[in-house]
Amino acid sequence: MAKQPRVAQAEQDPKVRATNFEEVSLGYTIEQAMLEASRCINCKNPRCVVQCPVSVKIPEFISLVKAGDIAAAAKVIAEDSSLPSVCGRVCPQEEQCEGACILGIKGESVAVGILERFVGDWARKNNVNTVSAMPSNGNKVAVVGSGPAGLACATDLAKLGYEVTIFEALHKPGGVLQYGIPEFRLPKDEVVAAEIANLTKLGVKIECDVVVGRTVTIQDLMDKEGYKAVFIGSGAGLPKFMNIGGENLNGVVSANEFLTRANLMHAYDDSYDTPIYTGSKVVVVGGGNVAMDAVRTAQRLGAESHIVYRRGEAELPARKEEIHHAKQEGIQFDMLTNPVEILGSSEGWVEAIRCVKMELGEPDASGRRSPQVVKGSEFDIECSLVIMALGTSPNPLIVSTTDNLESNKWGCIVADDSGATSRSGVFAGGDAVTGAATVILAMGAGRSAAAAIDTYIKNL
Ligand SMILES: Cc1cc2nc3c(=O)[nH]c(=O)nc-3n(C[C@H](O)[C@H](O)[C@H](O)COP(=O)(O)OP(=O)(O)OC[C@H]3O[C@@H](n4cnc5c(N)ncnc54)[C@H](O)[C@@H]3O)c2cc1C
Ligand code: SF4
């Protein structure tokens, strides 16, 4: 019998989706999910689980999908992950579970991510209650930041009976899930808000518009407000720039600002009055997921949109799927190209970006071939907006307002594997500790810290 090939999920037509903000990938039907689940051979020593940073019981949930018991599959996933619809959509599965799947050695791996998304979406639409909390143990814990690290930490603590309050600086919870990753990859109301609502059903309180370090300090939370421990999951939201001439011109923005306007503040939606500028041609500098999100957003807002990246296509750090989708949508990739200056008009607006061509030399310490300038290769790309997507680092506010909280030279909070910091009772995890990483690594760190906080409070 011929082997069942991996079941493809439907996608919006590239030409249509390049003009709207609706979701690109459309997920599985139940029939497709059951068929794809039937490909999993239920390994005794599942390599997929070892590579999952939160150890979701993958073969177990997939065999329940195969049997058509989706509610039970949702409960199995919920033991380890509170954000299945999010993770199914945005995790780099090709490097984790699917990258390790035994079927991938000689053929195509099981579509673990699309199956996880299917289960999460089905459970939400069918009101399946997947988690319950223990009775309150009377201990209060504060969580700073409502990104995946804070949400995962809060979920595990609430399940153990802690009274958890999340303090979030922005007016909506979710961290990057809310302000960074665009609607066309991760729907905000339908998916992000709904998965966060499960947390509030566990009794977790979320206080938005509270900037810890300004509105209240960590010291105050512990000394005056009775929190026994604090988890810092404040992310890495401070954008980096190139420090080249012309970066102060009007029409140079960070990807974070551009995406926050579009996502959190709905600038793409005519019923909101948030301003967002693209002009006719946008250059996004960078090659990671953030660059892909920014360039695809700019294209949807009607501008001719380019990626400018100093290495080659093989070195692009973004997920392959995102690069593929961007190309389908008409994004132009200017590879081996590095900006040296941004040129502006006499009124102070961007007119062009001056670049040099690069070639790849010997591999550097990271194993990647380091780019070198091709002499005399300077040229200008006319453009109306330059978006810098060069990475981010943690905002220094919390470290600078908390005594004895150690950080490293990159501004990341120093924490051990359990999340314990240099300050007793204060734990940290996610991008605030590692620098910009992934949703699932942040969730893993949040979960480890929750276990460590439980042990810490029990030993007080
Ligand atoms: C545009 C973009 C696309 C990405 N795409 C992917 C992807 O496809 N797949 C993937 O796995 N990862 C992706 N990532 C990375 C991923 O989103 C992050 O690694 C992850 O969100 C980190 O989680 P976190 O909880 O540590 O921090 P965050 O998600 O950054 O959340 C931190 C929260 O803390 C709040 N905060 C900060 N300071 C304070 C303070 N002083 N007081 C109160 N609150 C505060 C912030 O407002 C924020 O809400 C992407 C990142 C970006 C920016
Ligand atoms: S490694 Fe692949 S085939 Fe084996 S249990 Fe995991 S998903 Fe199924």
Inset, instruction - Kindly indicate which of 378, 304 is exposed (fewer than 14 other Cβ atoms within 10 Å of the Cβ) and over 24 Å from the mean Cα position of the chain (by Cα). - result: 378
Legend entry - Residue in the range 5-44 that is surrounded by the fewest Cβ atoms within 10 Å (Cβ to Cβ), counting only those that are more than 9 Å from ligand 2 (Cβ to nearest atom), over 21 Å from the mean Cα position of the chain (by Cα) and polar (S, T, N, Q): 19
Inset, instruction - Give the range 205-251 a look and list any residue that's among the hydroxyl-bearing types (Ser, Thr, Tyr), assigned to a loop (DSSP other than H, G, I, E, B) and surrounded by 16 or more Cβ atoms within 10 Å (Cβ to Cβ), or say none. - result: 217, 234
Inset, instruction - Consider residue 143 carefully, then state whether it is within 13 Å of ligand 1 (Cβ to nearest atom) and assigned to a helix (DSSP H, G or I). - result: no
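Tally time: how many residues in the range 85-105 are farther than 13 Å from residue 48 by Cβ and either over 19 Å from the mean Cα position of the chain (by Cα) or at pLDDT below 95 (or both)?
Within the range 85-105, the first condition is being farther than 13 Å from residue 48 by Cβ, and the residues that meet it are 85-90, 92.
Of the ones still in play, those that are also either over 19 Å from the mean Cα position of the chain (by Cα) or at pLDDT below 95 (or both) are 90, 92.
Selection size over the range 85-105: 2.
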Inset, instruction - For the range 372-385, state whether one or more residues are within 16 Å of ligand 1 (Cβ to nearest atom) and touching a residue at least 24 places away in the same chain (Cβ under 8 Å). - result: no
Legend entry - Residues satisfying the stated conditions in the range 48-76, i.e. of a type in the set (D, E, K, R) and either more than 18 Å from residue 124 (Cα to Cα) or part of a helix (DSSP H, G or I) (or both): 57, 60, 66, 75
Inset, instruction - Pull up the range 106-119, narrow it to residues that are among the aliphatic types (A, V, I, L, M) and closer than 18 Å to residue 55 by Cβ, then point me to the one that is nearest to ligand 1 (Cβ to nearest atom). - result: 112
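The values are calculated or read from the model by the stated rules, or taken from the named source; none is laboratory data. Just so you know, these numbers come straight off a predicted model, no measurement behind them. Cβ sites come from the backbone with ideal geometry, for glycine too, and all protein chains shown count toward neighbours.
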